[in-house]
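Report on the structure given below.
The values are calculated or read from the model by the stated rules, or taken from the named source; none is laboratory data. What you see is a predicted model; the values in this text were computed from it and never measured. So basically every Cβ, Gly included, is an ideal-geometry build from the backbone, and we count neighbours across all protein chains shown.
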Amino acid sequence: MSVAQRAWGAVPDSVKESDRQLIAGVLLFTYLLYILAQTFLAIANNAAILPAVANSLQNITFLIAVYAIMALALNLHWGYTGLFNIGIAGFMAVGVYSMSILAAPATGSPPGLGLPIPVAVVGAVAITALVGGIAALPALQLDADYLAIVTVGFSEIIRLVLNASYFAGTVQDPEASGYNVVDIFGIQFGTGGGQGINTPTSSPADFLYSTTSLGDLLYGPSGDPNALGSAVYAAAESVGVNSSVVNGATYSFFLLLVVVTLYYVLLVRIGNSPFGRVLKAIREDELVAQSLGKDTRWFKVKVFMVGCALMGLGGILWQGSFGFVNPNTFRPIVTFYIFTALIVGGAGSNTGSVIGGAVFAAFLFEGPRQLARIVEVLVTSVFGSLPSPTTFYAAVVSLNPLAWLGYTIDNVSTLKFVFLGAVLVYLMQNRSDGLLGHRKEIAASIDLSDRTPRKRESAAADGGESDE
Amino acid sequence: MDVAETYSDGRRLLVERPAVGLLGVALLYLFVDLMLRLANVPVELMGVEVIGGTLAVSTFGRFLLDGLIVGLVVGLAGVGLSMTYSILNFANFAHGDYVTTGAFSGWIAAYLVGAFTLGVEEPIGRLLMIQAPSLVSAFSSPLAIVVGIILAGLGAVLTALFLDRIVYRPMRDKGGIPLLIASIGVALALRYAIVFIFGTGSRGVTATGSIPEVAIPTGDGTIPMNLHEGTLIVAAVVLMFGIHFLLQRTKLGKAMRAMADNKDLAQVTGIPTERVIRATWIIGGALAGIAGFLIVLERGTLSFNIGWRLLLLIFAGVILGGIGSVYGAMAGGIVIGIASRVSLVWIPSDFARVAAFSVMILVLLYRPEGLFGGVKTA
Amino acid sequence: MSDATDTPAPQGKDPDELPEVEDSDIEKAAQETPRGLPLRVQGLEKRFGGITAVDGVSFEVEEGSLTGLIGPNGAGKSTTFNCITGVHDADGGAVLFQGEDITGLKPYEIANRGLVRTFQIARELEEMTVLENMMLSPRGQRGEKLVNAVTPGLRDDVVAQETDLREEVWETLEFFEIDHLAEEYAGNLSGGQRKLLELARALMVDPDMLLLDEPFAGVNPSLEEKLLDRIHDLREQGYTFLLVEHDMDLIMENCERVIVMHQGKLLAEGSPEDIKNNEQVIEAYLGEDV
């Protein structure tokens, strides 16, 4: 970590102070590192460089984008308002499942409502907000650690209910013994139970590259690429990049450039306003906010609902984009990933949330695997081959450091979690403000230090109104 | 508390907390329903069965027994969670993984002893990795079980003390939330360190088929109970009485109760805080580890996430009993265990855990001091 | 009853809501001052378990006055305060503010009616700057509505309003001579500075009356002087003050009316002179070794 700190110290202050430059800088640095690593791996494996790099970049962009999205949504709850919600996975599940059920055809297995996809997405976000509101009403009076237990319990309840065969909708014969279609006033649907459920599309970029009619836009494109798609695919093909990488890259960059930006702008606007100021005051001392005339309970319910809606949408854009989900996707560990991302960047800061999402995705989540691949290539090229012991015991008693390394590399996906846990502990002990340190993000729509009165500053913005 | 006060309290409760009143009515309904079912009296109204039905006493008995078994384990493990919650002021999300750690260390020991006493020829590596064929049972090698219980406690204690030294002790002055987050980090690291060594596969550890069983007659059938279930019940009950003795009769126990009540006051009055904290980890860790060993003994399979899967149930038990109360944690665990199994009378088994978690949330919302709150225990 | 109805108070007071006022001195005082009695506490009771912390306390505070509430430790002053401001629910009695019954209202509702409090131990929003603390207070901020805060067109109004408030905030900070600390985090302020900020912040709510809970506790003498000057300035501007204080001398020197509580009950009330010579008060304080 001290290396990271020294590297951080070398970053010019001007970059640190400008949030946009900082985010761009971190992304650029990450991309550069990944390009170098993938180029190296491609050369070592005698593979074509460009496709490998392109694939890796689209993958890492996707991860950065989704973790940034989720960290921003969580920042609203925890960073701003101090609501310790560790039920994120559950709210994501509500979003993804609502969308899938709303959009699934009535004849499908499980059956759904057959609504157009955009309607399903909007409906699902609204449902998530509603579920959040229902959960919030009684729970928000609790202390932070009680709220944590309630939300994680709630999220597990959601997962277990989705997992139950009771509502699966897979046995559709009303006479059959395991009949399990949910029927509310004639509207029939099911959750798919433990088998999971199909989401409307497995390739969201098709909406751009294959849409030829309104119907495609509403119910998901099927079939051949449109003019834009054909042109882009052909161009990519000419440099050896296949269409699935193009689709992935398109969607990933859409998430990063459009969705993350929208979330960021929304969050900054919420934060830098009198509304955000009340949220901050609730975090600091709720009784003080009340004593100054703020109906804190209502603020909390509102912010909980908005945050849950953002989490639901984040879930849809993330887990809902693979064509299929099952309840195990929404285990509490997903919540902890998102928390780690936010804590790495620094809770309370929107810029920190985005950077935390990027650092978490690129270095904590995906980094160990890439590092292991590079080490493996290096070691193999020096020693010829790397032993791969089957058990920990076999590795230890072999007394062969290469075998130890081989076992470690084989199990790097497990070790990653140990590493994540250690990072969480380290941050809590030493840098609870996150990598960026403490950031002053003032909750106001204007620069409070600037004392220029309004009339001289901008006559246009003056609606002729005075404060009450 | 006199009768009039109880009555007015009850009335106020109903007025101020209509949800609690509703819950009471629901519980009463379920109780009456259960009694009618056991008596095989279905009550129909216009052709629809509204209450009662049929339920074999033996089936219900088995639910109760299963519930008691889960409940004792949850209660045993809950003691440590409750104590650390009150003495160190944070919800330890790593507690479930102490249970797992205990289970693994205990079963390694049981395998080594079991192989030795049974004279089984197995490479030591396969014994240490708990890979050898399932061979241990309380019948064939009771010594292995005893040693396993001791080592399970020891393993969890050492882990808990080590983690306290490197993680929690440097954070004593931080608030409950940083500690809670750190404990999530500890939980992840500990669980996957176990996976790194033992892998994710679930393994059968007890010798199946050779365990003696008794059948408890119920009139309309029998409730089967095997030796491992009996061992679990006896061990858990003995340990619970041991804790009772420790808290009531020893100086350490008194200091711990004082700490749980008021940390600052305890410090002022010269109770050595760090020593009490260490004792808390030792007692809580040991009980968690042993609980892990026992549940594996009963279920017969061991995997890296048994403790994590139990954690929310343990939380539920602790919350039900009132955070900070040792007896509450035991009683709450047993109640949660029994409730989650008896609920199968009404709901499909998919929802047993849902029911337990719902109870936990309702208690936190409407009676955060716990079901037995207000009664001073420890 | 006559005083209330005769007084040309801005709020329409319903005479039926006002319980009887027996103290003829207050009636006279109220008739003399056109502003009436903004705060009336009647038979207030609060119990914690078996302990009665406040036992049937009644008193009034005149508009524009600086009234002191004193009493030995455990007399029930802070509990009375908390009952008035809605932090605790009273078990009996009534609190009337500007003629309206505010008993049982939530703290924010009471604050929004113009009755604002400060805390015994200054409760700053530590991770917020002094400016943010100040900007939090004003009532009726458009930007507290989420829609206004985020919607492009509506946000302009929020900006405009905030620009006006900013001016007011800076003026208030100058008045309290803490404008040099404007960009500091509140958590970095000294004890006395926090008390100044807390009063300034309460003032930004634009209250009619301020309840100050031990505003001088932990404040060094020079800041104490400053704080007192500000309170007197504000009183002259028409604000009403009720302050709880431990320091008897301070109250005697600065308040025109003093209310004394002892063991949850009202012991005496009157001018500082009356109180100084009141046998019961002397006894109560001597008994408490003050």
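I want to confirm something. Restricting to the range C:97-111 and keeping residues that are in contact (Cβ under 8 Å) with a residue 60 or more places away in the chain and within 14 Å of chain A (Cβ to nearest Cβ), which single residue is surrounded by the fewest Cβ atoms within 10 Å (Cβ to Cβ)?
C:PHE97
Would you mind telling me which numbered condition in (1) closer than 18 Å to B:HIS228 by Cβ; (2) of a type in the set (A, V, I, L, M); (3) in contact with a strand residue (DSSP E or B) (Cβ under 8 Å, 6 or more places away or on another chain) B:ALA109 fails?
Just one mismatch for B:ALA109, condition (3).
Identify the residue in the range B:109-153 that is within 14 Å of chain A (Cβ to nearest Cβ) and not in a helix (DSSP H, G or I) and, among all such residues, is modelled with the lowest pLDDT.
Selected residue: B:ALA132.
Which of the numbered conditions does C:PHE119 fail, given that it passes all the others? Conditions: (1) touching a Lys or Arg at 6+ places or on another chain (Cβ under 9 Å); (2) within 14 Å of chain A (Cβ to nearest Cβ); (3) part of a loop (DSSP other than H, G, I, E, B).
(1)
Step by step: first the residues of the range B:154-182, then only those that are buried (at least 24 other Cβ atoms within 10 Å of the Cβ) and not aliphatic (A, V, I, L, M), then the one that is farthest from the other protein chains (Cβ to nearest Cβ). Which residue is that?
Result: B:GLY155.
Do you know which residues across the range C:156-189 are closer than 30 Å to C:GLU224 by Cα, of a type in the set (D, E, K, R) and either in a helix (DSSP H, G or I) or assigned by TED's automatic domain parsing to the domain that holds C:GLU224 (or both)?
Listed by number, the residues that qualify are C:ARG166, C:GLU167, C:GLU168, C:GLU171, C:GLU174, C:ASP179.
Could you please find all residues in the range A:85-111 being under 21 Å from A:ALA136 (Cβ atoms) and outside any helix (DSSP H, G or I)?
A:ASN85, A:ILE86, A:GLY87
Inside the range B:92-126, can you point out the residues that are aliphatic (A, V, I, L, M) and closer than 28 Å to B:VAL186 by Cβ?
Those that are aliphatic (A, V, I, L, M) and closer than 28 Å to B:VAL186 by Cβ: B:ALA94, B:VAL99, B:ALA103, B:ILE108, B:ALA109, B:ALA110, B:LEU112.
How many residues, within the range C:93-116, are charged (D, E, K, R) and part of a helix (DSSP H, G or I)?
Total satisfying the criteria: 1.
Out of C:GLY153, C:GLY140, C:GLY114, which single residue is under 22 Å from the mean Cα position of the chain (by Cα), among the small types (Gly, Ala, Ser) and not assigned by TED's automatic domain parsing to the domain that holds C:PHE97?
Residue meeting the stated conditions: C:GLY140.
Provide a single number: the residues in the range A:199-214 that are surrounded by fewer than 18 Cβ atoms within 10 Å (Cβ to Cβ) and either touching a residue at least 24 places away in the same chain (Cβ under 8 Å) or within 26 Å of the chain's Cα centre (by Cα) (or both).
Summing the residues that are surrounded by fewer than 18 Cβ atoms within 10 Å (Cβ to Cβ) and either touching a residue at least 24 places away in the same chain (Cβ under 8 Å) or within 26 Å of the chain's Cα centre (by Cα) (or both) in the range A:199-214 gives 2.
Quick one: how many residues across the range C:122-155 are surrounded by fewer than 22 Cβ atoms within 10 Å (Cβ to Cβ), assigned to a loop (DSSP other than H, G, I, E, B) and not charged (D, E, K, R)?
Counting residues in the range C:122-155 that are surrounded by fewer than 22 Cβ atoms within 10 Å (Cβ to Cβ), assigned to a loop (DSSP other than H, G, I, E, B) and not charged (D, E, K, R) gives 2.
Which residues, taken from the range A:304-337, are within 12 Å of chain B (Cβ to nearest Cβ) and β-branched (Val, Ile, Thr)?
The answer is A:ILE333, A:THR335.
Determine, yes or no, whether A:SER388 is modelled with pLDDT under 95, closer than 21 Å to B:ALA193 by Cβ and outside any helix (DSSP H, G or I).
Values: modelled with pLDDT under 95: yes; closer than 21 Å to B:ALA193 by Cβ: yes; outside any helix (DSSP H, G or I): yes.
It is true that A:SER388 is modelled with pLDDT under 95, closer than 21 Å to B:ALA193 by Cβ and outside any helix (DSSP H, G or I).
For C:SER58, are the conditions met, namely being away from every other protein chain (no Cβ under 14 Å) and either at pLDDT below 85 or surrounded by fewer than 20 Cβ atoms within 10 Å (Cβ to Cβ) (or both)?
yes
Please indicate, with yes or no, whether at least one residue in the range C:89-96 is touching a residue at least 60 places away in the same chain (Cβ under 8 Å) and within 13 Å of chain A (Cβ to nearest Cβ).
No: zero hits.
Hydrophobic (A, V, I, L, M, F, W, C) and without any contact (Cβ under 8 Å) to a residue 40 or more places away in the chain: which single residue out of B:ALA235, B:ALA331, B:ALA288, B:ALA279 fits that description?
Selected residue: B:ALA279, the only one of B:ALA235, B:ALA331, B:ALA288, B:ALA279 that is hydrophobic (A, V, I, L, M, F, W, C) and without any contact (Cβ under 8 Å) to a residue 40 or more places away in the chain.
Condition check ((1) within 12 Å of chain B (Cβ to nearest Cβ); (2) at pLDDT 90 or above; (3) outside any helix (DSSP H, G or I); (4) within 23 Å of the chain's Cα centre (by Cα)) across all residues:
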{"site": "A:ARG369", "(1), (2), (3), (4)": "no, yes, no, yes"}
{"site": "A:LEU415", "(1), (2), (3), (4)": "yes, yes, no, yes"}
{"site": "A:GLN429", "(1), (2), (3), (4)": "yes, yes, no, no"}
{"site": "A:LEU436", "(1), (2), (3), (4)": "no, no, yes, yes"}
{"site": "A:ARG439", "(1), (2), (3), (4)": "no, no, yes, yes"}
{"site": "A:SER445", "(1), (2), (3), (4)": "no, no, yes, no"}
{"site": "A:ARG451", "(1), (2), (3), (4)": "no, no, yes, no"}
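Tally the residues that are in a helix (DSSP H, G or I) and touching a helix residue (DSSP H, G or I) at 6+ places or on another chain (Cβ under 8 Å), restricting the search to the range C:234-249.
Initial filter on the range C:234-249 (in a helix (DSSP H, G or I)): C:234-236, C:248-249.
Narrowing further to those that are touching a helix residue (DSSP H, G or I) at 6+ places or on another chain (Cβ under 8 Å): C:234, C:248.
Summing the residues that are in a helix (DSSP H, G or I) and touching a helix residue (DSSP H, G or I) at 6+ places or on another chain (Cβ under 8 Å) in the range C:234-249 gives 2.
Might you check whether a residue that is more than 14 Å from every other protein chain (Cβ to nearest Cβ), closer than 23 Å to C:GLU269 by Cβ and surrounded by 22 or more Cβ atoms within 10 Å (Cβ to Cβ) occurs anywhere in the range C:42-50?
Looking through the range C:42-50, at least one residue is more than 14 Å from every other protein chain (Cβ to nearest Cβ), closer than 23 Å to C:GLU269 by Cβ and surrounded by 22 or more Cβ atoms within 10 Å (Cβ to Cβ).
List the residue pairs whose Cβ atoms are under 6 Å apart, where the first residue sits in the range C:148-170 and is within 7 Å of chain A (Cβ to nearest Cβ) and closer than 15 Å to A:ILE270 by Cβ, the second is assigned to a helix (DSSP H, G or I) and of a type in the set (S, T, N, Q), and the two are 6 or more positions apart or on different chains.
If the second residue must be assigned to a helix (DSSP H, G or I) and of a type in the set (S, T, N, Q), the pairs left are C:VAL158/C:ASN148.
Suppose we filter B:THR222, B:THR200 for residues that are surrounded by fewer than 17 Cβ atoms within 10 Å (Cβ to Cβ) and within 14 Å of chain A (Cβ to nearest Cβ); which single one remains?
It is B:THR200.
Need the failing condition index for A:THR170 against (1) touching a residue at least 40 places away in the same chain (Cβ under 8 Å); (2) within 14 Å of chain B (Cβ to nearest Cβ); (3) assigned to a helix (DSSP H, G or I), just the number.
Among (1) touching a residue at least 40 places away in the same chain (Cβ under 8 Å); (2) within 14 Å of chain B (Cβ to nearest Cβ); (3) assigned to a helix (DSSP H, G or I), A:THR170 violates only (3).
Using the structure shown, decide if B:VAL186 is in contact (Cβ under 8 Å) with a residue 60 or more places away in the chain, among the hydrophobic types (A, V, I, L, M, F, W, C), over 30 Å from B:LEU55 (Cα atoms) and facing chain A (nearest Cβ under 7 Å).
Yes; evaluated as a whole, the condition is true for this residue.
Pull up the range A:396-407, narrow it to residues that are without any contact (Cβ under 8 Å) to a residue 24 or more places away in the chain and touching a Leu at 6+ places or on another chain (Cβ under 9 Å), then point me to the one that is farthest from the other protein chains (Cβ to nearest Cβ). Talk me through it step by step, then tell me what you get.
As a first pass, look at the range A:396-407 and keep what is without any contact (Cβ under 8 Å) to a residue 24 or more places away in the chain: A:396-404, A:406-407.
Filter once more, keeping what is touching a Leu at 6+ places or on another chain (Cβ under 9 Å): A:402-403, A:406.
Values: A:LEU402: 18, A:ALA403: 14, A:GLY406: 14 Å.
Once the filter is applied, the top-ranked residue is A:LEU402.
When the range C:199-209 is examined, which residues are found to be within 21 Å of C:SER222 (Cα to Cα) and either of a type in the set (Val, Ile, Thr) or in contact with a Pro (Cβ under 8 Å, 6 or more places away or on another chain) (or both)?
Passing the criteria: only C:LEU199.
Quick one: which residue in A:LEU313, A:LEU279 is within 17 Å of A:ALA444 (Cα to Cα), out of contact with any Cys (no Cβ under 6 Å at 6 or more places or on another chain) and surrounded by 23 or more Cβ atoms within 10 Å (Cβ to Cβ)? Before you say what the answer is, go through the steps one by one.
Working: A:LEU313 fails: within 17 Å of A:ALA444 (Cα to Cα).
Answer to the selection: A:LEU279.
What single numbered condition from (1) assigned to a helix (DSSP H, G or I); (2) facing another protein chain (nearest Cβ under 8 Å) fails to hold for A:GLY293?
(1)
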